[in-house]
Amino acid sequence: MKGGKIKIRDFHEAKWDEPIIFELSRKGERGILVPEVEKEIEEAVGDGISVLPEHMIRKEYPALPEIAQVRVLRHFLRLSQETLGATINIDIGQGTCTMKYNPIINEILAKSPEVTEIHPLQDEDTVQGALEIIYKLDLFLREISGFSKFTFQPGGGSHAIFTIISIIEAYHRLNGEGEKRNEIITTLLSHPSNAAAPAVKGYKVINLYPEEDGRPDIEALKEAVSEHTAGFIVTNPEDTGIFNPRIKEFTDIVHEVGGICAYDQANANGIIGIVRAVDCGFDLGFFNLHKTFSSPHGCGGPAVGAVGVTERLKDFLPVPTVEFDGKKYYLNYDIPHSIGKVREFYGVFPVILRAYAWIRSLGAEGIKEVARVAVLNNNYVMRKILEEVKGASISFPKTRHRLEQVRYSFEKLKKDTGVTSEDVIRRMADFGFHLWTSHHPWIIPEPFTIEPTESYSKDDLDEYLTTLKKVVEEAYRDPEKVKNAPYNCPIHNIDHEPLEDPDKWAITWRAYLKKHKKWE
Amino acid sequence: MKRKLGLIINPIAGMGGRVGLKGTDGPEALKRAIELGAQPWAEDRTREALRKLSHLRDEIELVTYPGSMGENAAISCGFSPIVIGELRGERTTAEDTKRAAREMRDLDVDLLLFAGGDGTARDICDAIGQDLVVLGIPAGVKVYSAVFAINPLYAGELAALYLKGRVSEIIEAEVLDIDEEAFRKGKLSIKLYGYLRIPVKREYISGAKSPTPISEKYNQEEIAIDIIEQMSDEYYYIIGPGTTTKTIMKKLNLDYNPLGVDIIHNRKLIGKDLNEKQILEIINNKKAKIIVTPIGGQGYVFGRGNQQISPTIIRYVGRTNIIIVATRRKLNSLHGRPLLVDTGDEELDEQLKGYYKIITGYHERIVYRISR
């Protein structure tokens, strides 16, 4: 490729027409046939079941699929051929998700028996190494954020936000203000869970709308705060890649009325090692170890949303925390105002381990380099798109400098050709690429979001951009071709309407069976 | 059975625009427009829309009126339309539009596509009310009503999706009445005239460029529940026009006027379709709150379609007692442009400027700016 023309890939996605695993089930089929128990053994240990209390013994078998081992393998290998992911394509089109490279050495560490064969109920003395890793990751994250203590219990970003809101609620309740402080303020362009988690907790949610420069107005915040303010939770930079440099003024205004300020740093890739949460005035916040800290996303889990707090909120953290007394690492259940447990045990250990290894391999300077390269890559991609991809623009064009990602718009492309960002996405799939529309919060027309992270080379970025450019040129030349895409993928145009009809969609097999019966 | 698409073109719509006449309501204005050299363009606009439907040519029945009211456009786009009715004069009139709409209703068309402006929308509204699902191809000088697609192309695409059964949500959209005489003199006097039922899907409707994950109806209901939950017996509530505000009345099982201003107290109806004087009499010496929603596509909170809530009333109630409600779709359709006020009282408009917590859902607010 060096010096030459970048090749547009001749790609074709696999099609297996594979049913979902429950449909593959055949009654009585087994993955492993366990040998009959010999008489002598049964005499010695019993039947293995009758020792259990009567009420705990299942009356019916669980409704799991019954399949031979080879069919299970075929099933999942076929599905694996029908996916795109960070290790198979240049995954920069999944903006906000920080699809960076996950070093294989960290996978090898996570798969070692020292990790896979330990149990969370083992005695502390026998898992000192694991506890040390948890404790030291806490120390590293304190250094990066300025917070005083972290918990790794939450199993993901939204779970971390829920933990944060629970801590805010517990804090005000302890001060006798639980009833009065019933509002949480966020910005419209913050991650949607910043609004959703407080809503689940029963809070009123007040959203600040972006101004022309993409940032919320300080006057709007002044209108929003009152004696009812429980807290302020914000993503900064937001998914537009725009950083709010007046953030300290925002947190000051919230503090003046007695509110708590929380920082959503799920994606901290543009500021890690550069900006500390405490210096922006935040009282607590979280990192997604599966984004910024290079642990894989794992298809929606298992993950870790690491929640950190300042000194005054330490007493509200979930139990147990991991502590060190100078000689020994131990689990501390003695946290006076703890919100309790938010998940079993201490967090997803392999994820914690990968993040620990990643930080150790980079060091302080390496971490800063991550942010610098991520921002550089992003500004390179933005410039190329603005200069070379016809019909594309950036949201809030008044603000030109972006951090780690940009929310773009194909509004002009649509006006010129009728081709929407969703059409472009389907055509990009024909070349083995993914692009994401990221519509929320529905204020940027024909959106798409690109986040190059630090992992991809200039050649990688150029290959992606060359393909994007080709698709857009095609849209101007032959819009119908793009609108009817994809051609090299087995699944074509999906009708989204049924997703809005609760009678039709089902997110579990059980729900499917229930609703399916209704249709018959 | 083939699905039926009705088509009505108001052939004179839009003719005043290019010659600076601001509309062709009434025979005098039309005559003047033609004298000034105006060319019909509603048919061109319709052809743009029909081209997006041409792939359905064999799958649908197109029912239309003779000549310039639809037949010509349909044939030129390759359709074999079923032509009904007859034209009674040399030039078409509002009566022709109304009669055509009624005949289409009797034929039970699945969707009535019409090309014209606000005047045409009002004629359709008069003739068939909410009996049919309709959609406007914007072809008039004034297309303030929310029943038009953003452009003819999208009108065609949306109609095709609807006829293919790919659009399930139908909403009541506002038809606005602009006083054309006053408009020509540079004054904008807009009243809320009525509602038509239109299909909505994602970005195809004017002012609805952004898809919302939940339906408009559900959004209106959650707003109404929020309002009802916070209602206090201390206050009289002045409920302005709009489907979002009137959902409050529906939820309380109260009678209401969809286009007028109603007052409730203690969750009971005190007065319906009130004028300024009646409102002042009711709230005199009492505490009151105003509940309004932006009317039309421009985002006017006061001064468009709710002039009954006069400057005197707004001053009496006070800024802190103004509650603005808006569905997310409506607010997003402004694309960040501020909400507007035009009460006719400049000093008051100035005082009303600034940020408000707009109720956009159950326990959900968006802080948004009012400008002038």
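Within the stretch A:86-116, being polar (S, T, N, Q) and either part of a loop (DSSP other than H, G, I, E, B) or touching a strand residue (DSSP E or B) at 6+ places or on another chain (Cβ under 7 Å) (or both) holds for A:87, A:89, A:94, A:96, A:98, A:102, A:112. The residues of the stretch A:489-519 that are modelled with pLDDT under 75 and more than 30 Å from residue A:428 (Cα to Cα), listed by number, are A:517, A:518, A:519.
Residue by residue, here is whether (1) surrounded by 19 or more Cβ atoms within 10 Å (Cβ to Cβ); (2) farther than 15 Å from residue B:45 by Cα; (3) away from chain A (no Cβ under 14 Å) holds:
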{"position": "B:93", "(1), (2), (3)": "no, yes, yes"}
{"position": "B:119", "(1), (2), (3)": "yes, yes, yes"}
{"position": "B:123", "(1), (2), (3)": "yes, yes, yes"}
{"position": "B:149", "(1), (2), (3)": "yes, no, no"}
{"position": "B:165", "(1), (2), (3)": "no, yes, no"}
{"position": "B:176", "(1), (2), (3)": "yes, yes, yes"}
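Table: residues versus (1) more than 26 Å from residue B:326 (Cβ to Cβ); (2) within 12 Å of the chain's Cα centre (by Cα).
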{"position": "B:129", "(1), (2)": "no, no"}
{"position": "B:132", "(1), (2)": "yes, no"}
{"position": "B:151", "(1), (2)": "no, no"}
{"position": "B:154", "(1), (2)": "no, no"}
{"position": "B:159", "(1), (2)": "yes, no"}
{"position": "B:165", "(1), (2)": "yes, no"}
{"position": "B:175", "(1), (2)": "no, yes"}
{"position": "B:178", "(1), (2)": "no, yes"}
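Remark: pairs (first residue in the stretch A:315-334, farther than 24 Å from residue A:283 by Cβ and assigned by TED's automatic domain parsing to the domain that holds residue A:349; second residue outside any loop (DSSP other than H, G, I, E, B) and among the β-branched types (Val, Ile, Thr); Cβ separation under 7 Å; 6+ apart in sequence or on different chains) = A:329/A:322; A:331/A:322. Summed over the stretch B:327-355, the residues that are within 10 Å of chain A (Cβ to nearest Cβ), buried (at least 21 other Cβ atoms within 10 Å of the Cβ) and over 21 Å from residue B:200 (Cβ atoms) give a count of 0. Checking each residue in the stretch B:285-298 for being buried (at least 24 other Cβ atoms within 10 Å of the Cβ) and either assigned to a loop (DSSP other than H, G, I, E, B) or without any contact (Cβ under 8 Å) to a residue 24 or more places away in the chain (or both) picks out B:293, B:294. Among the residues of the stretch A:193-213, those identified as within 10 Å of another protein chain (Cβ to nearest Cβ) and closer than 16 Å to residue A:441 by Cβ are A:195, A:198, A:199, A:205, A:206, A:207, A:208, A:209, A:210, A:211.
In the stretch A:355-378, the count of residues that are in contact with a Lys or Arg (Cβ under 7 Å, 6 or more places away or on another chain), modelled with pLDDT of 95 or more, more than 25 Å from residue A:104 (Cβ to Cβ) and surrounded by 20 or more Cβ atoms within 10 Å (Cβ to Cβ) is one or more. Does residue B:267 satisfy the criteria of being closer than 23 Å to residue B:219 by Cα, within 14 Å of another protein chain (Cβ to nearest Cβ) and surrounded by fewer than 23 Cβ atoms within 10 Å (Cβ to Cβ)? So residue B:267 fails the test. Test residue A:454 against the stated conditions and say whether it is surrounded by 12 or more Cβ atoms within 10 Å (Cβ to Cβ), farther than 26 Å from residue A:15 by Cα and either within 14 Å of another protein chain (Cβ to nearest Cβ) or in contact (Cβ under 8 Å) with a residue 12 or more places away in the chain (or both). Spelling it out, residue A:454 is indeed surrounded by 12 or more Cβ atoms within 10 Å (Cβ to Cβ), farther than 26 Å from residue A:15 by Cα and either within 14 Å of another protein chain (Cβ to nearest Cβ) or in contact (Cβ under 8 Å) with a residue 12 or more places away in the chain (or both).
Just name the residue that is modelled with the lowest pLDDT out of those in the stretch B:86-105 that are of a type in the set (Asp, Glu) and not in a helix (DSSP H, G or I). Per the criteria, the residue is B:90. Step by step: first the residues of the stretch A:173-192, then only those that are within 13 Å of chain B (Cβ to nearest Cβ) and in contact with a His (Cβ under 6 Å, 6 or more places away or on another chain), then the one that is surrounded by the fewest Cβ atoms within 10 Å (Cβ to Cβ). Which residue is that? Restricting to residues being within 13 Å of chain B (Cβ to nearest Cβ) and in contact with a His (Cβ under 6 Å, 6 or more places away or on another chain), the top hit is A:192. Looking at the stretch A:266-380, the strands (runs of 3 or more DSSP E) lying wholly inside it that each contain 1 or more residues that are out of contact with any helix residue (DSSP H, G or I) (no Cβ under 8 Å at 6 or more places or on another chain) and not β-branched (Val, Ile, Thr) sit at A:329-332. Among the residues of the stretch A:384-400, just one is in a helix (DSSP H, G or I), crowded, with 17+ Cβ neighbours inside 10 Å and either in contact with a Phe, Trp or Tyr (Cβ under 7 Å, 6 or more places away or on another chain) or aliphatic (A, V, I, L, M) (or both), namely A:385. Restricting the stretch A:237-258 to residues that are under 26 Å from residue B:362 (Cα atoms) and assigned to a loop (DSSP other than H, G, I, E, B), the residue that is farthest from the other protein chains (Cβ to nearest Cβ) is A:258.
Scanning the stretch A:117-137 for residues that are in a helix (DSSP H, G or I) and in contact with a helix residue (DSSP H, G or I) (Cβ under 8 Å, 6 or more places away or on another chain) yields A:124, A:129, A:130, A:131, A:133, A:134, A:136, A:137. Taking the criterion of being touching a strand residue (DSSP E or B) at 6+ places or on another chain (Cβ under 6 Å) and in a helix (DSSP H, G or I), the only residue of the stretch B:106-119 that qualifies is B:118.
Per this entry, residue A:407 is counted among residues that are surrounded by 17 or more Cβ atoms within 10 Å (Cβ to Cβ), among the basic types (Lys, Arg) and either touching a Leu at 6+ places or on another chain (Cβ under 8 Å) or farther than 30 Å from residue A:167 by Cα (or both). For residue A:219, the conditions (1) assigned to a loop (DSSP other than H, G, I, E, B); (2) within 8 Å of chain B (Cβ to nearest Cβ); (3) of a type outside the set (A, V, I, L, M) are fulfilled apart from (1).
If the condition is being in a loop (DSSP other than H, G, I, E, B), within 13 Å of chain B (Cβ to nearest Cβ) and touching a helix residue (DSSP H, G or I) at 6+ places or on another chain (Cβ under 8 Å), then the stretch A:423-440 contributes only A:437.
Of everything in the stretch B:222-245, what is touching a helix residue (DSSP H, G or I) at 6+ places or on another chain (Cβ under 7 Å) and modelled with pLDDT of 95 or more? Give them in sequence order. If the condition is that a residue be touching a helix residue (DSSP H, G or I) at 6+ places or on another chain (Cβ under 7 Å) and modelled with pLDDT of 95 or more, then B:223, B:224, B:225, B:227, B:228, B:236, B:238, B:239 are the ones that fit. Filtered by the rule that a residue be surrounded by fewer than 16 Cβ atoms within 10 Å (Cβ to Cβ) and within 14 Å of chain A (Cβ to nearest Cβ), the stretch B:226-256 gives B:229, B:230. Applying a threshold of 6 Å to beta carbon distances and a minimum spacing of six or more residues, or different chains, the list of pairs starting in the stretch A:364-392 at a residue that is at positive phi and ending at one that is part of a helix (DSSP H, G or I) reads A:391/A:412; A:391/A:413; A:391/A:416; A:391/A:472. The strands (runs of 3 or more DSSP E) falling completely within the stretch B:133-220 that include 1 or more residues that are farther than 24 Å from residue B:70 by Cα and modelled with pLDDT under 85 map to B:169-178, B:190-200.
The values are calculated or read from the model by the stated rules, or taken from the named source; none is laboratory data. Remember, it's a predicted structure, so these values are computed and weren't measured experimentally. Don't worry about glycine lacking a Cβ; one is built from the backbone with ideal geometry, like all the others, and counts go over all protein chains shown.
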